Amino acid sequence: MRIKTTVNKQGQIYVPSEIRKEAGLTFSKEAYIVADAKSIFVYPDDLNTKDALKSLEINKKHLEHLFELEGAEEAE
């Protein structure tokens, strides 16, 4: 799932409710943020590392698919 959002003046990012619900991110629940210079990955603290890696793989495939679609659009 990919949804556009914004960063406010305080540096906070709004995570839409449908994403929070699917990820199990409820009020006051703790989460981990893993980041590098180009991206951020957020996951609930009760998700084990193995399952977080599976989730990253799913997101990677989704982004690869979007990349292929963008390339096809540019070729037209």
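Taking residues in the stretch 24-41 that are farther than 21 Å from Leu63 by Cα and among the charged types (D, E, K, R), and partners anywhere that are assigned to a strand (DSSP E or B) and at pLDDT 90 or above, the pairs with Cβ atoms closer than 8 Å and at least 6 places apart or on different chains are Lys29/Pro44; Glu30/Pro44. Here is the figure for the stretch 4-22: residues that are in contact with a helix residue (DSSP H, G or I) (Cβ under 9 Å, 6 or more places away or on another chain) and either farther than 22 Å from Ser55 by Cβ or not β-branched (Val, Ile, Thr) (or both) total 0. Inclusion of Ala35 among residues that are surrounded by fewer than 10 Cβ atoms within 10 Å (Cβ to Cβ) and in contact with a strand residue (DSSP E or B) (Cβ under 9 Å, 6 or more places away or on another chain) is warranted.
Summed over the stretch 19-52, residues that are under 14 Å from Met1 (Cβ atoms) and assigned to a loop (DSSP other than H, G, I, E, B) total 1.
Which residues, taken from the stretch 3-18, are of a type in the set (A, V, I, L, M), within 13 Å of Val42 (Cα to Cα) and assigned to a loop (DSSP other than H, G, I, E, B)? Answer for the stretch 3-18, where residues must be of a type in the set (A, V, I, L, M), within 13 Å of Val42 (Cα to Cα) and assigned to a loop (DSSP other than H, G, I, E, B): just Val15.
The values are calculated or read from the model by the stated rules, or taken from the named source; none is laboratory data. Every value quoted in this text rests on a predicted model; they were computed, and no experiment measured them. We place every Cβ from the backbone using ideal geometry, glycine too, and count neighbours over all the protein chains shown.
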